[in-house]
Amino acid sequence: ICKISDSGSLLWSINLNTDYNHLKSGITPNGDLFVLGKDNNSVDYFLINPAGSTEVESTILQDLDMGSRNFDFHYNQENKINVVVKYAENNTNHYSVQTVDLDGTLSYPTSGLQLEQLENLHSFVFSSYSDKFSLLFLNKDEDRRINISINTYDENGNQIIPENNTRLETSFVSLTGRTCSQYLENENNILMAFVSNKNNYFSNILYLQKIDQSGNSLYAKEGRYL
């Protein structure tokens, strides 16, 4: 972990001396750096101040068979980091979430808050509100059309959405692994995007959709991906 000046000079560096297969990081408004490192069975949390000193180092999730699966997080600007991981149990994928304060305080045990078993859909996109976890999936219907499946849980793990299996349709047929989402704090909505091809394998299209907390689509836009 390094801090580099505008001129390219190395100001400081830290070696965590760990063996993670995935890393996530972000910066708080006061300049602290938080790092989430995942190996096959646990997720660790580090908070590093602007001078390069480690303020917090702790394990926030453990004893889950996460293997090489990726994980995601969302920092909600309230000094809380929401984390979600996919893990396997009896050959079925499950999801566990954790909320950690910047000082390392956990909202749930290190086994995480277990969400209701979810169907194994194709592409997983994660976003979160300050008090909700929203999981979005891309999946195909019988006509191979891509739908966006919305699954939202409160802080106790109770599913709020869907009431009737909320799914939003798109005009795409093929799937993609390139997905992202962003919680728009000033609007209290989620903006999600994915890249896919439409009728032509070599013609990549960027698809954008804004979704409110009730799972309603506010708009959907398409444009050529360059």
Note on SER123: of the conditions (1) out of contact with any Gly (no Cβ under 9 Å at 6 or more places or on another chain); (2) surrounded by fewer than 18 Cβ atoms within 10 Å (Cβ to Cβ); (3) hydroxyl-bearing (Ser, Thr, Tyr); (4) modelled with pLDDT under 80, unmet is (1)
Would you mention how many residues in region 98-114 are β-branched (Val, Ile, Thr), more than 17 Å from the chain's Cα centre (by Cα) and under 15 Å from GLN62 (Cβ atoms)? 1
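Taking region 60-78 as the search range and keeping residues that are of a type in the set (S, T, N, Q) and loosely packed, with under 15 Cβ neighbours inside 10 Å, which one is modelled with the lowest pLDDT? Outline the logic, then answer.
Of region 60-78, the ones of a type in the set (S, T, N, Q) are 62, 68, 70, 76-77.
Now narrow it down to the ones that are loosely packed, with under 15 Cβ neighbours inside 10 Å: 68, 70, 77.
Working: SER68: 74, ASN70: 73, GLN77: 66.
So, considering only residues that are of a type in the set (S, T, N, Q) and loosely packed, with under 15 Cβ neighbours inside 10 Å, the one modelled with the lowest pLDDT is GLN77.
Looking at region 26-38, which of the residues that are without any contact (Cβ under 8 Å) to a residue 24 or more places away in the chain and either out of contact with any Ser or Thr (no Cβ under 7 Å at 6 or more places or on another chain) or of a type in the set (Phe, Trp, Tyr) (or both) is nearest to PRO109 (Cα to Cα)? Steps first, answer last, please.
From region 26-38, those without any contact (Cβ under 8 Å) to a residue 24 or more places away in the chain are 27, 30-31, 37; that's our starting set.
Keeping just the survivors that are either out of contact with any Ser or Thr (no Cβ under 7 Å at 6 or more places or on another chain) or of a type in the set (Phe, Trp, Tyr) (or both) gives 27, 30-31.
Values: ILE27: 25, ASN30: 28, GLY31: 28 Å.
Restricting to residues being without any contact (Cβ under 8 Å) to a residue 24 or more places away in the chain and either out of contact with any Ser or Thr (no Cβ under 7 Å at 6 or more places or on another chain) or of a type in the set (Phe, Trp, Tyr) (or both), the top hit is ILE27.
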Condition first: modelled with pLDDT of 75 or more, of a type in the set (A, V, I, L, M), open to solvent by 10 Å² or more (accessible area, probe 1.4 Å) and assigned to a strand (DSSP E or B). Can you find one or more residues in region 87-97 that meet it? yes
Condition first: in contact with a strand residue (DSSP E or B) (Cβ under 9 Å, 6 or more places away or on another chain), open to solvent by 40 Å² or more (accessible area, probe 1.4 Å) and modelled with pLDDT under 80. Now tell me which residues in region 183-206 satisfy that. LYS198, ASN204
Residue pairs within 6 Å by beta carbon, gap of at least six or interchain, first lying in region 4-16 and under 15 Å from SER53 (Cα atoms), second in a loop (DSSP other than H, G, I, E, B) and open to solvent by 50 Å² or more (accessible area, probe 1.4 Å), listed first then second, are ILE14/ILE1
Looking at region 39-49, which of its residues are open to solvent by 30 Å² or more (accessible area, probe 1.4 Å) and either charged (D, E, K, R) or touching a residue at least 40 places away in the same chain (Cβ under 8 Å) (or both)? ASP39
Please work out which residue is nearest to ASN30 (Cα to Cα), limiting yourself to region 98-108 and to residues that are β-branched (Val, Ile, Thr) and in a strand (DSSP E or B). VAL100
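The values are calculated or read from the model by the stated rules, or taken from the named source; none is laboratory data. Just so we're clear, the structure is a prediction, and the values are computed from it rather than from any experiment. Quick reminder, even Gly has a Cβ in these numbers, built from the backbone with ideal geometry, and neighbours come from all protein chains shown. Accessible surface areas use protein heavy atoms only, side chains included; no ligands, DNA or RNA. Shrake-Rupley method; radii C 1.70, N 1.55, O 1.52, S 1.80 Å.
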